[in-house]
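S.K.: Attaching a single structure in structure tokens format; questions to follow.
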Amino acid sequence: MGEIMVRVYAPIARPTIGSVGKTGIWRSVKPVVNYDKCINCYLCWMYCPEGCINIIDDMVRIDYDYCKGCGICSNVCPVKAIEMVREE
Amino acid sequence: MSKKTILSGNHAAAYAVKLSRPDVISAYPITPQTSVIEKLSEFVENGELNARFIRVESEHSAMSAVLGAASVGARVYTATSSQGLLYMYEVCWWAAGARLPIVMGIITRAIAPPWSIWTDHNDILTLRDSGWIIMFAQDVQEVFDLTVQAFKIAEETSLPVAVGWDAFVVSHTVEPLEILSQEHVDRFLPKKKIGGHMLNFDDPFSLGNLTYPDDYMEFRYDIWKTQREALDIISNIYEEYSEISGRAYGGLLEDNMCDDADIILFMMGAASGDAIEAARLLREKGLKVGVCRLRVIRPFPAEEIAKKSERVKMIGVFDRDVSMGYSGVLATDIKSALKEYGVDVPVAEYIGGLGGRDLRVKDFLEIFEDMDKMARKGVKFSRKWIGLKEKYIGGAP
């Protein structure tokens, strides 16, 4: 193999958490889960485009450090258990 | 062993690609490139070539498809012309920036409007600053030879390589040539190795992410550095290939009677043949002229060009292309090479043959005689369009 192929400075990036900082500060509205209504269907977990909804002890937990507040989770929730609340 | 046969330039490219054993080919048809990929799809269809031929709806997709395949380590090929190249232009920069060894044939065709399907070199030269290695053939045999070498050059440098040849004059002209045997090509071009920056499932990463001002420049520097190193890499690969093929073109430049010449004309492409013939005729009359044909445009062989120009009375540059608002594209680079190496020689620029306007031996006889006249008068610089209809001549220099 050519030596350059080995040492080439190619534009690759490995996935890491928060490589551009805590994107939660971009948020203007914040999803808040009402656990009395939540039926644990995990649709919000599946749809979250940022992967910042985790399942901890069978419950969905939103990682507010990285949640940008897009509202997709609230939109897909079949029982309207996620409310978008304006950030103070 | 090698086989003598008769092929068009485009079919010669297709045979060269087949012998280079690509994994993936993707292309969209455009005149005058079409017969390259028609032949290749025929090879795939009849089982002669074990490759995936991806049919796409545009050149942008063709380059994207080979880019994707190359990014997981496949050996890939595509070909296009003119508007097709412009349509895939964005992805061409991705190919170079992502350091992917893609090989592309560019059958040079004038850019519209007005619509034209005939040759000039402005299309391939749009790649000049992109990071692609650019080579240019003169005839059918050289199309074959450069195409096989392009795969090795691409894989040694981890950069994409474009091989150019003139529309119709080379692409559709049938000439005798020698085709290497599969054993020869296999020995020259071993199975492709996977680079560390190529995607794989076991160690996932992403390619071409957002890069902040803190990091971007080093990626450009690495391409630039590899391009400069590629001058030697290409020369070595040419040498290795000529040992197998028995054909030597002289490396980055092809020297035709330049050794003792008073006047040298620099140019590239098929019309060089006419210029060489004109030079021969003039030598019979005692005029010491030579033709130096550029075979590699990027990386630019500045030192070699400057060396050839050191002891001559005048150099000429014939451009079958033009950089609007200035001079021919090759002329701008050649003049800067002369300055870089401190060569003070009068320069005569010629622009002509655009949109496939015929270039004949007679035209080059006139060019050489014009240069001889200027050299005697001590003219330091001139810029002329060749073959213009008379009523359009005049105006700005």
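The values are calculated or read from the model by the stated rules, or taken from the named source; none is laboratory data. Note that this is a predicted model, so its numbers are computed, not measured. Backbone-built Cβ (ideal geometry, glycine too); neighbour counts: all protein chains shown. SASA here: full protein model, heavy atoms, side chains in, ligands and nucleic acids out. Shrake-Rupley method; radii C 1.70, N 1.55, O 1.52, S 1.80 Å.
S.K.: Could you work out the percent of alpha carbon pairs in the range B:253-392 separated by over 19 Å, rounded to a whole number? Write out the running numbers ahead of the final one.
M.R.: Numbers: 4403 of 9730 pairs.
The share of Cα pairs beyond 19 Å in the range B:253-392 comes to 45 percent.
S.K.: Using only Cα atoms and rounding to the nearest 10 degrees, what angle (0 to 90) does helix B:140-157 make with the longest principal axis of chain B?
M.R.: The angle comes out near 60 degrees.
S.K.: Where the convex hull is taken over the Cα atoms of chain B, what is its projected area averaged over directions, in nm²?
M.R.: Working: hull surface 83.2 nm².
The directionally averaged projection comes out at 20.8 nm².
S.K.: In percent, how large is the relative contact order of chain B, given Cα pairs closer than 8 Å and 6 or more residues apart?
M.R.: Values: 802 pairs, mean separation 62.6, N = 397.
About 16 percent, as a whole number.
S.K.: Do the sum for chain B: with -39,500 (n - 2.57) for every DSSP H run of n ≥ 4, divided by all residues, what is the mean residue ellipticity at 222 nm, to the nearest 500 deg cm²/dmol? Walk me through the intermediate numbers first.
M.R.: Details: 13 runs with 160 residues, N = 397.
-12500 deg cm²/dmol, from helical runs alone.
S.K.: OK, next. Between the range B:136-169 and the range B:198-256, how far is it from one alpha carbon centroid to the other, in angstrom?
M.R.: For the range B:136-169 versus the range B:198-256, the Cα centre distance is 14 Å.
S.K.: Continuing with this model, one more query. Can you find, among B:W93, B:I117, B:L252, the residue sitting farthest towards the positive end of the charge dipole of the protein assembly as shown, where Lys and Arg contribute +1 and Asp and Glu -1 at Cβ?
M.R.: Going by the Cα projections, it comes out as B:I117.
S.K.: Turning to a different aspect of this structure: I'd like the trypsin sites (Lys or Arg not before Pro) in the range B:172-229 restricted to DSSP loop residues with at most 10 other Cβ atoms within 10 Å, sorted by number.
M.R.: The qualifying sites are B:K191.
S.K.: Over 32 Å between Cα atoms, which of B:K308/B:K373; B:K3/B:K191; B:K152/B:K313; B:K39/B:K225; B:K192/B:K225 qualify? Write down the numbers at each step before the final one.
M.R.: On the way: B:K308/B:K373 21 Å; B:K3/B:K191 23 Å; B:K152/B:K313 38 Å; B:K39/B:K225 37 Å; B:K192/B:K225 23 Å.
Table pairs above 32 Å Cα-Cα are B:K152/B:K313; B:K39/B:K225.
S.K.: To the nearest 20 Debye, how big is the dipole of the protein assembly as shown about its Cα centre, given +1 on the beta carbon of each Lys and Arg and -1 on that of each Asp and Glu?
M.R.: Values: 55 positive and 66 negative charges, 155 e Å.
Computed about the Cα centre, the dipole is about 740 debye.
S.K.: Same structure again: Before we go on, tell me the buried accessible area for the B/A pair, both chains summed, 1.4 Å probe, in Å² to the nearest 100.
M.R.: Working: alone 17890 and 6880 Å², together 22960 Å².
Interface between B and A: roughly 1800 Å².
S.K.: State, as an integer percentage, the relative contact order of chain A based on alpha-carbon contacts under 8 Å between residues 6 or more apart.
M.R.: On the way: 115 pairs, mean separation 33.5, N = 88.
It rounds to 38 percent for chain A.
S.K.: So, one more: Give or take rounding to whole Å, what are the principal axis extents of the alpha carbon atoms in the range B:324-397, in descending order?
M.R.: 38, 29, 25
S.K.: Ratio of alpha-carbon Rg to the 2.2 N^0.38 Å globular estimate for the protein assembly as shown, to two decimals, please. Don't skip to the end; give the middle numbers.
M.R.: Values: Rg = 27.6 Å, N = 485, 2.2 N^0.38 = 23.1 Å.
Against the compact-globule rule of thumb, the ratio is 1.20.
S.K.: Identify which of B:G131, B:G316, B:G250 has the largest mean-square fluctuation in a Gaussian network model of chain B, with springs joining Cα atoms closer than 10 Å.
M.R.: Comparing B:G131, B:G316, B:G250 in a Gaussian network model of chain B, the most mobile one is B:G250.
S.K.: Oh, and also: How do B:W115, B:W385 rank by accessible surface area computed with a 1.4 Å probe, from largest to smallest? Mind dumping the intermediate values first?
M.R.: Values: B:W115 180, B:W385 115 Å².
Putting B:W115, B:W385 in descending order of accessible area: B:W115, B:W385.
S.K.: Another one. Please work out how much accessible surface A:R27 shows to a 1.4 Å probe, ignoring ligands, DNA and RNA, in Å² rounded to 10.
M.R.: Around 40 Å² of this residue is reachable by solvent.
S.K.: Counting only other residues whose beta carbon sits under 12 Å from that of B:V361, what net charge do I get with K and R as +1, D and E as -1?
M.R.: Details: positive: B:R280, B:R360, B:K362; negative: B:D274, B:E277, B:D358, B:D363, B:E366.
Every neighbour counted, the sum reads -2.
S.K.: On C-alpha positions alone, give me the angle between the axis of helix B:34-45 and the longest principal axis of chain B, in degrees, nearest 10.
M.R.: Roughly 30 degrees between the two axes.
S.K.: For chain A, with equal point scatterers placed on the C-alpha atoms only and solvent neglected, what are the log10 I(q)/I(0) values from the Debye formula at q = 0.12, 0.23 1/Å, to two decimals?
M.R.: Log10 of I(q)/I(0), two decimals: -0.45, -1.14.
S.K.: Let me ask something else about it. So what's the convex hull volume per residue for the Cα atoms of the range B:11-78, in Å³? Display every interim value, and only then the final one.
M.R.: Working: hull volume 4.6 nm³, N = 68.
Cα convex hull per residue, to the nearest whole number: 68 Å³.
S.K.: Less than 30 Å apart at the alpha-carbon level, and either on another chain or at least 8 residues along: which lysines does that give for A:K68?
M.R.: Within reach: A:K22, A:K30, A:K37, A:K80.
S.K.: Specify the residue with the greatest mean-square fluctuation among B:G208, B:G387, B:G328, computed from a Gaussian network of chain B linking alpha-carbon atoms under 10 Å apart.
M.R.: B:G208
S.K.: Hey, another quick one. Against the longest principal axis of chain B, how steep is helix B:361-377, in degrees 0 to 90 to the nearest 10, with axes from Cα atoms?
M.R.: Helix B:361-377 and the main axis of chain B meet at about 50 degrees.
S.K.: Right, here's the next one. How much accessible surface area, in Å² rounded to 10, belongs to the heavy atoms of B:W118 with a 1.4 Å probe?
M.R.: Using a 1.4 Å probe on the heavy atoms, I get roughly 130 Å².
S.K.: Another question, then. Of the heavy-atom accessible surface of the protein assembly as shown (probe 1.4 angstrom), what whole percent is carbon and sulfur?
M.R.: Ligands and nucleic acids excluded, carbon and sulfur reach 52 percent.
S.K.: Let me ask another. In Å and from the alpha-carbon atoms only, list the Rg and Dmax of the range A:35-86.
M.R.: Final numbers for Rg and Dmax: 10.1, 28 Å.
S.K.: With the other protein chains left in place, how much accessible area per residue, in square angstrom, belongs to chain B at a 1.4 angstrom probe? Intermediate values should be presented prior to the final figure.
M.R.: On the way: 17080 Å² over 397 residues.
That works out to 43 Å² for each residue.
S.K.: When chain A is treated as a GNM, springs tying every alpha-carbon pair under 10 Å, which of A:V20, A:V32, A:V60 comes out with the largest mean-square fluctuation?
M.R.: Result for chain A, Cα springs under 10 Å: A:V20 fluctuates most.
S.K.: Once the whole set of protein chains is in place, how much accessible area is left on B:T126, using a 1.4 Å probe, in Å² to the nearest 10?
M.R.: Accessible area of B:T126: about 40 Å².
S.K.: Taking 8 Å as the Cα distance limit and 6 or more residues as the minimum spacing, I'd like the relative contact order of the range B:32-171 as a percentage.
M.R.: Details: 251 pairs, mean separation 34.8, N = 140.
Worked out over the range B:32-171, it gives 25 percent.
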